[in-house]
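Working notes, structure below.
The values are calculated or read from the model by the stated rules, or taken from the named source; none is laboratory data. Everything quoted here is computed from the prediction, not taken from an experiment. All Cβ positions, even for glycine, are placed from backbone atoms using ideal geometry, and neighbour counts span all protein chains on display. Ligands, DNA and RNA are excluded from the accessible area calculation, which covers all protein heavy atoms including side chains. Shrake-Rupley method; radii C 1.70, N 1.55, O 1.52, S 1.80 Å.
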Amino acid sequence: MAENRKVNGPPANGRAPGAGNAYTINLEGFSRRLKAMYSHWHDHKSELWGSSSVLAVATPPASEDLRYLKSSALNIWLLGYEFPDTIMLFMDKQIHFLCSQKKASLLEAVKRSAKESVGVEVVMHVKAKSDDGTAQMDAMLRAIRTQSKLDGHDDPIVGYIAREAPEGNLLERWAEKLKNSNLQLGDVTNGFSDLFAVKDINELTNVKKAAYLIASVMKNFVVPKLEKVIDEEKKVTHSSLMDDTEKAILEPTKVKVKLKAENVDICYPPIFQSGGNFDLRPSASSDDEHLYYDSASAIICAIGSRYNSYCSNVARTYLIDSTPRQGKAYEVLLKAHEAAIGALNPGNKISAVYQAALSVVERDAPDLVANLTKSAGTGIGLEFRESGLALNAKNDRVLKSGMVFNVTLGFQNLQTPTKNPKSQNFSLLLADTVIVTEKGHEVVTMLSSKAVKDVAYSFNDEEEEEVLPKVKAESNGTENLFSKATLRSDNQEISKEELRRQHQAELARQKNEETARRLAGGGSATGDNRTAAKTSSDLIAYRNANDLPPPREMMIQVDQKNEAILLPIYGSMVPFHVATVKTVSSQQDTNRNCYIRIIFNVPGTPFNPHDANSLKHQGAIYLKEVSFRSKDPRHISEVVQQIKTLRRNVVARESERAERATLVTQEKLVLAGNKFKPIRLADLWIRPVFGGRARKLTGTLEAHTNGFRYSTSRQDERVDVMYANIKHAFFQPAEKEMITLLHLHLHNHIMVGNKKTKDVQFYVEVMDVVQTLGGGKRSAYDPDEIEEEQRERDRKNKINMSFQNFVNRVNDLWGQPQFRGLDLEFDPPLRELGFHGVPFKASAFIVPTSSCLVELIETPFLVVTLSEIEIVNLERVGLGQKNFDMAIVFKDFKRDVLRIDSIPSTSLDGIKEWLDTTDLKYYESRLNLNWRPILKTITDDPQRFVDDGGWEFLNLEASDSDSDNSVESDQGYEPSDAEPESDSDDEDSGSASLVESEDEESEESEEESEEEKGKTWEELEREASNADRERDESDSEEEKRRRKTKAFGKSRAGPISTAPKRARMR
């Protein structure tokens, strides 16, 4: 990829790369560093600068090849950019530049700064294109002799960088001139190395950005890429992995790193090695052999990046079904690597770093000493390997704060007893970029884990059972080795928390700007999210009186055909459509009289809001209930049963009709033809299940040309899902669960049987239901028990593998050009990031994926798209409780806020880390907030929301600091303990409580009970159960949560008398 290589020099038009403004030199930085260079030169002239009185630095022409030169490093360090084909002379009184006219015009700006900072005069020697530069070189040599005579030196020493061979006509001619000038020459490489060794704050920032990028590439691209290749058993060459990784480095947005691509480059082509051929030298390269990942194999990955020309490096070794020898060798290497990093403290000698690593190997594995690399790395910065800072046993230089090192340690040419020759020879390598600080050191590539549990993969279940006990036994003496906490110093923990806090602050700024733009544009932030009342069409049982059936007797009749009930009222048969009936019941008294009671739906009463039909007849008088007495209990029982059956059928039919009316028309399924056989997966169950009371049957899922089809042996049990309607697809193999599943989350609803749904799931139970006869406890060593467990394990593996094969083939199908716009791929849940919580009514294990937060085992399913989330508020945090809650606010303010309750507090740090890495802004609060009035206040007055700081009213740290320094404020979004006066008596006014109030609910319950006075206990009990059933059907999730909070409020908030007052929206 040489054609994409970036060059540090300014372009010929004099403009900075990627910028619209003219290229300019940072004069303040130039003055500071020029002064530092002259001071260092004069202070260490004899020991580091070869007693030179003149420094001659010649920068070669630009090249597409990756190379690190002291001359180029000086250009970038001093001037900010590389000036190729340029010669610079530094003397006590003058600085001479020999370059082209365009470069000279750029360098004119430094004349005044050079004079003011070190008192030297800048002299330009401009070389025309047709000129060979001989005259200018002679003038520069004369200036050297003149200056030396003025200083009293008859034989001046000209310092130059001896290791850089001259390139190009200009530099070759200059080298020849110097050689024939009879001037004494001296090497000044050590002087520049020591000058560049200690970095200032700006240089360290560049190193940290490069380190963050390269660690993110390793964690978010390389590791998932390798895992996918191994899981799918693909054949991929080392060189293709190198190319893909280089592209990921050069496009930081691919790994969710917000750095400008024009400032980023690679340090070297990424290195991937496996299959027994290993080279631990930095000059190694990736060959065209296939990645080898069979049992007992090792994969070495080394990648480096540059940001603003400053380098960072990281290397990891991944073990596949490792042998005990490989596991022990990696443990020792990891411990030695940490010991080397631990010795990087200011004041220590560089030799102590390598000695610390060597001591660990000599103590824990003396037989591996001969295989240890001869150094523990080098200094790193503008050059990938800074000369003079090699971490070996002979370097006695003293470590200083601001130095940066690439700590690289490895074992090479190790042997392990295996049958496969490609696994017999293996090597191990670890590398991290480390900054020496005033108090110790900082590992800036720690984002990429090197712990055993994160680099050792096991795909062989039988071997795993045998190997793991041995590894565990061997690691008992070093149990703290694998604790992430012990591998990080306190300073590093603070640094990580500080990085997360800074990232969250940046996310808060971006989120507030994004929300302000969306609100200003009238986006999806209007109105609250109350569930609209169900509307119904005009209910007509009979068009006119002539359609009424002839009355047989003056008694209650049920007309099944016209879905009506005819009631005898004042000598006439009065029809009522069955949909107007709310409940019907019967009872018998002691005198053998039977009573039937019919209660009708009355618009405007609790649980019966006005619909479109009632609004047309606002002056109408409604019959609320009617009772009849009969001497025939058998007839009454039949009538009640008929009314209930008819009402249930009508309600189900109308509900299905209403749901189907809202469906989006889907395209027709195109069945696979002869050329393309459908991809099949048999013996699957489906959720939601088909209706009906018939025995449930398994079905087959087929992937056709443009969609899936699931069908059973029954003709009416068939579901088509178009690829274009799939929003997310998930594959979750059974691990600790009883089922292996494929889950499709859709853009638009479809009908499964008579159910309207956006989620369709296909699954297989991986374990048979087994009942132990006799009830006796079986021995753990019972052969039958062991055989049964083995059968279950084999069955689970077989099912998981069949699902995996189906998923792989469908993913390949979706990778075809016609489906790339859909961006479809089966996404596996990330179990290691999962946590327990209560999203609906029952506790469940909730797991993130790359794009969603899901719970796919218990119903109702939970699928939350991360890109649709506005913010996340972690509630009831910091009160010393065992649990906390999560409130997810969506960008569409019309959606109810999703609550996940009762999350264990032990999951808090993991959730915060996951939210931060996925660029989701989160806040923490001490109370549960009532989000409906908050969102209504925001949408009613979005400008005030923006002016008051946007979502920052949720920031506890900001509000606490503000309350310490300010008097009580009237700004609207900061939680406060004082209750403001209400401006309005409306239900949805801005003064509604931010947290649920039990008083409000008790008032509502009193209003609802007014109409129940004077009724018997049996009647009240019956009506209460009916009302509860209706309420369960119609209530929104928010109302259900309010009742739940009421029931458990005392256990959460404590006694009412001691609980703090709840904050209210101003």
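Entry remark, the range 162-191: residues being at pLDDT 90 or above, open to solvent by 80 Å² or more (accessible area, probe 1.4 Å), charged (D, E, K, R) and over 17 Å from K127 (Cα atoms) number 1 in total. Of note, R363 satisfies the criterion of being in the same structural domain as F405 (by the TED database), farther than 20 Å from G440 by Cβ, at pLDDT below 95 and assigned to a helix (DSSP H, G or I). Take A211 and decide whether it is over 35 Å from the mean Cα position of the chain (by Cα), under 30 Å from S387 (Cβ atoms) and of a type in the set (A, V, I, L, M). No, not satisfied.
This table checks each residue for (1) under 18 Å from L742 (Cβ atoms); (2) in contact with a strand residue (DSSP E or B) (Cβ under 6 Å, 6 or more places away or on another chain); (3) crowded, with 17+ Cβ neighbours inside 10 Å.
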{"residue": "H836", "(1), (2), (3)": "no, yes, no"}
{"residue": "F840", "(1), (2), (3)": "no, no, yes"}
{"residue": "V872", "(1), (2), (3)": "no, yes, yes"}
{"residue": "G878", "(1), (2), (3)": "no, no, no"}
{"residue": "K882", "(1), (2), (3)": "no, no, no"}
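Go through the residues of the range 390-402 one by one and say whether even a single one is open to solvent by less than 10 Å² (accessible area, probe 1.4 Å), touching a Gly at 6+ places or on another chain (Cβ under 7 Å) and at pLDDT 90 or above. Yes - at least one qualifying residue is present in the range 390-402. Inspection of the range 36-48 finds a residue satisfying the criterion of being more than 24 Å from L141 (Cβ to Cβ), within 49 Å of the chain's Cα centre (by Cα) and not hydrophobic (A, V, I, L, M, F, W, C). Residues in the range 686-708: is at least one open to solvent by 90 Å² or more (accessible area, probe 1.4 Å), within 30 Å of M767 (Cβ to Cβ) and touching a Ser or Thr at 6+ places or on another chain (Cβ under 6 Å)? The answer is no, given that none of the residues of the range 686-708 is open to solvent by 90 Å² or more (accessible area, probe 1.4 Å), within 30 Å of M767 (Cβ to Cβ) and touching a Ser or Thr at 6+ places or on another chain (Cβ under 6 Å). Within the range 714-728, how many residues are modelled with pLDDT of 90 or more and either polar (S, T, N, Q) or closer than 27 Å to D794 by Cβ (or both)? Residues in the range 714-728 being modelled with pLDDT of 90 or more and either polar (S, T, N, Q) or closer than 27 Å to D794 by Cβ (or both): 1 in total.
Just one of the listed residues (F384, F405) is of a type in the set (F, W, Y), under 39 Å from the mean Cα position of the chain (by Cα) and under 15 Å from L344 (Cβ atoms), namely F405. Note on the range 918-930: among residues that are touching a residue at least 60 places away in the same chain (Cβ under 8 Å) and out of contact with any Lys or Arg (no Cβ under 7 Å at 6 or more places or on another chain), the one that is most open to solvent (accessible area, probe 1.4 Å) is T918. For the criterion of being assigned to a loop (DSSP other than H, G, I, E, B) and at pLDDT 85 or above, L935 fails.
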